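Peer 1: One structure, as structure tokens, below. Some questions next.
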Amino acid sequence: MLRPDVSSDASQVEIPPIDWRTLAVVLTVVLLLASYRQPDWPATWFDEGFVTAGAQRLAVHGHYALRSSEGWRTLDQPLVANGPGIVIPVAIALRLLGAGLWQARVVVIVFMVFAGLLVYVIAHRLAGPVAGAIALAITLVMPREGFVYFGRMAMGKCAGARVFPGRGTGVDDCHRETRAALGVGRLGSCLAWRRSPKLSGR
């Protein structure tokens, strides 16, 4: 006796598409948290100073290195730990906008907004809009030394979010244009490091 074929689709909950108005609200909230009272809070400290010092040397002298009594130190720990993905954009901002903490933090404001949108989009794609809102809220209300605190400083905390999308993250099915843009950004940073004599120390 043949049994009727019961499709498993009926048991699945359809996740609605992301509305542009919701993304606009998310963008506004994260942008406000990233830019309000910049650069007065949080107070800068030596880790951020290392990053901005390396970016300033690159912007002024064209060397991806820190200066010492030994000369140019390309593989100095702060530049290796944060990498060209954050140092090079900060150097470009300092070159175009002038030297200053606010100018350096403009770059991480962009990264922080992107990271916040990424948290919402991934959670929405996995479990729907309510999950997206909860995930973003948990991210934004982390303790004092959390997403907002470190994300507002010119360091590589939120900048690392740009390498997050990929296999195993639940966003394999995101738009090809989005993945291509992220890939081009990563590839550009790597090529800038490897091809430039000044950046690679050759």
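The values are calculated or read from the model by the stated rules, or taken from the named source; none is laboratory data. It should be emphasised that the depicted structure is a prediction, and the values quoted were computed from it without experimental measurement. Please note: Cβ atoms are built from the backbone with ideal geometry, for glycine as well, and neighbour counts cover all protein chains shown. These area figures cover heavy atoms from the full protein model, side chains too; ligands, DNA and RNA do not enter into them. Shrake-Rupley method; radii C 1.70, N 1.55, O 1.52, S 1.80 Å.
Peer 1: Considering each of Val119, Val141, Val106 in turn, give the residue that is hydrophobic (A, V, I, L, M, F, W, C), under 17 Å from Ile15 (Cα atoms) and open to solvent by 20 Å² or more (accessible area, probe 1.4 Å).
Peer 2: Numbers: Val141 fails: under 17 Å from Ile15 (Cα atoms); Val106 fails: under 17 Å from Ile15 (Cα atoms).
One residue alone meets the criteria, Val119.
Peer 1: Another question about this same structure. Report yes if Gly132 is in contact with a Phe, Trp or Tyr (Cβ under 6 Å, 6 or more places away or on another chain) and either open to solvent by less than 40 Å² (accessible area, probe 1.4 Å) or of a type in the set (A, V, I, L, M, F, W, C) (or both), otherwise no.
Peer 2: yes
Peer 1: When you go through Val80, Val51, Val106 one by one, which is the residue that is assigned to a helix (DSSP H, G or I) and at pLDDT 90 or above?
Peer 2: Val106
Peer 1: Next question, about the same structure. Find all pairs meeting these conditions: Cβ atoms under 7 angstrom apart; at least six residues apart or on different chains; first residue within the stretch 17-41 and outside any helix (DSSP H, G or I); second residue modelled with pLDDT under 95 and open to solvent by less than 70 Å² (accessible area, probe 1.4 Å).
Peer 2: Every condition considered, the pairs that remain are Ile18/Val121; Ile18/His124; Gln38/Arg105; Gln38/Arg152; Pro39/Leu101; Pro39/Arg105.
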